[in-house]
Amino acid sequence: MTPLPDLQGLSVVLGKYRSLSVATPWAYQTYRQEFAATYAQTPSEQEKARQEGGSATLLQAIQQHDLPTLAASLRNDLEKVVLPRYPLVAQLREQFLQAGAIASMMSGSGPTVFALAPSADEGYTIMQRVRRALPDPDLDLWVCECCPHGIQLETP
């Protein structure tokens with residue numbers, strides 16, 4: 001393992017509907033059922049998939065603090081099955097982007113969605129815009145700021 005430079009200054013806005021949950025086993029099982037035919041089968045196919053879909057670009061973007069490339073390199077295959085089944089998760093992801101996030105994606109198997117902002121101030125602006133666009137009291141939103149040892153929750 002090689003330590004990566006920190007992304008200090010980058011903010012992460014998190015959003016989750018309190019009453020919404022996604023079963024992780026369901027997400028993985030559904031993904032397997034729908035996309036197993038696309039899996040690389042042979043060692044050469046697997047190596048090609050690693051080269052094409054690997055994390056080298058993402059790691060380089062982190063090292064260079066290149067936020068546009070970092071944003072473009074994010075990927076979560078489970079979105080293919082979760083977003084169509086859980087429209088609130090898809091709507092929140094899209095709303096983060098409309099609110100000015102440089103990237104937005106579902107975290108893991110959901111239902112939490114995150115958005116990236118280049119600063120805490122912009123993170124708060126995004127959070128406020130999303131709150132106005134989606135005034136659901138069931139929706140919790142937080143702004144976190146990257147720090148040398150992970151993230152820390154910012155308080156308004």
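The values are calculated or read from the model by the stated rules, or taken from the named source; none is laboratory data. Source: prediction; values computed, not measured. Don't worry about glycine lacking a Cβ; one is built from the backbone with ideal geometry, like all the others, and counts go over all protein chains shown.
Taking the listed residues L70, L88, L74, L116, the one that is at pLDDT 95 or above and more than 14 Å from L141 (Cβ to Cβ) is L116, with no other qualifying.
So R93 passes all but one of these: (1) without any contact (Cβ under 8 Å) to a residue 24 or more places away in the chain; (2) not in a helix (DSSP H, G or I). Which condition number does it fail? Going through the list (1) without any contact (Cβ under 8 Å) to a residue 24 or more places away in the chain; (2) not in a helix (DSSP H, G or I), R93 breaks only (2).
If you filter region 57-90 down to residues that are over 14 Å from the mean Cα position of the chain (by Cα) and not in a helix (DSSP H, G or I), you find that the one that is farthest from A101 (Cα to Cα) is Y86. Per this entry, V22 is counted among residues that are part of a loop (DSSP other than H, G, I, E, B), in contact (Cβ under 8 Å) with a residue 24 or more places away in the chain, among the aliphatic types (A, V, I, L, M) and within 29 Å of E122 (Cβ to Cβ).
One line per residue, one yes/no per condition, for (1) charged (D, E, K, R); (2) not in a helix (DSSP H, G or I):
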site	(1), (2)
P3	no, yes
D6	yes, yes
G9	no, yes
K16	yes, yes
Q29	no, no
Q33	no, no
A37	no, no
A40	no, yes
K48	yes, no
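Using the structure shown, decide if T42 is more than 19 Å from L83 (Cα to Cα), out of contact with any Leu (no Cβ under 8 Å at 6 or more places or on another chain) and exposed (fewer than 14 other Cβ atoms within 10 Å of the Cβ). Spelling it out, T42 is indeed more than 19 Å from L83 (Cα to Cα), out of contact with any Leu (no Cβ under 8 Å at 6 or more places or on another chain) and exposed (fewer than 14 other Cβ atoms within 10 Å of the Cβ).
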